[in-house]
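Read-outs throughout are calculated quantities, based only on the coordinates presented, and are distinct from any laboratory measurement. What you are looking at is a predicted structure, and each value in this text was computed from that prediction instead of being measured. Don't worry about glycine lacking a Cβ; one is built from the backbone with ideal geometry, like all the others, and counts go over all protein chains shown.
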There are 2 protein chains.
Amino acid sequence: MTRNNLDREITQRLNDHHIRYTKGRQTVVDVLSASDGPLSAAEIHGKLRGRVPLSSLYRSLSVLEEAGVLVPHFGHKTVTRYELAEWLRGHHHHLVCLDCGSVDDIELPENLESEVTQLVTGIGSMAKFSPVNHSLEIEGRCVRCA
Amino acid sequence: MTRNNLDREITQRLNDHHIRYTKGRQTVVDVLSASDGPLSAAEIHGKLRGRVPLSSLYRSLSVLEEAGVLVPHFGHKTVTRYELAEWLRGHHHHLVCLDCGSVDDIELPENLESEVTQLVTGIGSMAKFSPVNHSLEIEGRCVRCA
DNA sequence: TTCCTTGCAAACGATTTGCATTGGA
DNA sequence: TCCAATGCAAATCGTTTGCAAGGAA
């Protein structure tokens, strides 16, 4: 999705939720959309050179999460990382490096992804569970740490 | 795995690591092996009616994690939940309920599981990533909340 | 004895909240 | 104007750590 499209979509969505798309919130979205993996509040804070106070960041994050713009990811450690929601960022899975702790997104080719979806559907009916979404979390070593 | 087997395996493993399998640590393992999903320190503390102080629980958990007996699971929220490691508990995936937050384990029939494994292997070579383990996290609604 | 484990209390780090101020519709 | 959004500082909550006491080898 182009940056303009992203902006339009989000503005729209926030309007629907009667939430303002303020400068601070745009900043958060900008940083996250430029990232290739989920980021924590502290990481975003760092990328903004501390210009936005942490408390405001946390507030922006939770507002954007409620609106369905962001999704939290709980990879490892005590910190929560966020990324753009699927309808903005596309469906993907995660590669979690056991050594450096980095979390990278990965998009599967269509055929593989549809296999996963079928699997999930099957599991749902097998377990009397109604799947809403899924994520394949793969732990291992990234290229840098291998 | 029977409870006696479990005990023997763990004792062995801890011996190898020069770590004592004390009463407190056994208690933690007992509670976790009786559970059908990962539990947080606070939850274990509750099940033990507060008889074991939280700080000791946390210490037991981290010792058992280092020894490879327990594995942390970061489902939702800020709390870390633990469960027995795969070599004790068997490989499985997670069903995370979006409403009540419960995390249930699910074991896939062999054919489905091998599909997942193949997928993971494929993804690894595709992404220059060395998979060590994987987990399919399915979010949705459990029977109770559906 | 010697080293590991435990309990308690204090310390920490991530996140949340109260309150006064600022800013946008 | 009026309510939502922000900044700051204080409060919370999960988790970790220092230190003295208890236990096993």
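Some points to look at:
- Springs join every pair of Cα atoms under 10 Å in this Gaussian network model of chain A, and among A:L32, A:L119, A:L48 the largest mean-square fluctuation is at A:L119.
- Annotation for A:D36, label-to-label distances across the other copies: 4.2 nm (shortest first, one decimal, point 7 Å from Cα along Cα→Cβ).
- Look at the stretch A:90-96: the mean tally of other chain Cβ atoms within 10 Å of its residues' Cβ atoms is 3.
- Extension gain, A:K47 back to A:N133 (0.36 nm per residue minus Cα-Cα distance, nm): 28.0 nm
- A dipole drawn for region A:91-146 from +1 and -1 charges on Cβ atoms has a positive end, and of A:V116, A:G140, A:F129 the residue lying farthest that way is A:F129.
- Within the protein assembly as shown: Cβ-based charge dipole about Cα centre, in debye rounded to nearest 20 (Lys, Arg +1; Asp, Glu -1): 1480
- Taking N as its residue count, the alpha carbon Rg of region A:91-146 over 2.2 N^0.38 Å: 1.34
- Listed by chain and number, the aspartates and glutamates whose alpha-carbon sits under 20 Å from that of A:K23, ignoring those within fewer than 8 places in the same chain, are A:D7, A:E9, A:E43, A:E65, A:E66, A:E83.
- Distances from A:G50 to itself in the other copies, using label points 7 Å out along the Cα-Cβ axis, amount to 4.2 nm in increasing order.
- Nearest chain B C-beta to the B/A rotation axis, reported as residue and distance in angstrom, is B:F74, 2.
- At 7 Å out from Cα toward Cβ: B:L98 inter-copy label distances (nm, ascending): 3.2
- Dipole orientation for the protein assembly as shown: of the candidates B:Y58, A:L6, B:H93, B:Y58 has the Cα lying most toward the positive pole (charges on Cβ; Lys, Arg +1; Asp, Glu -1).
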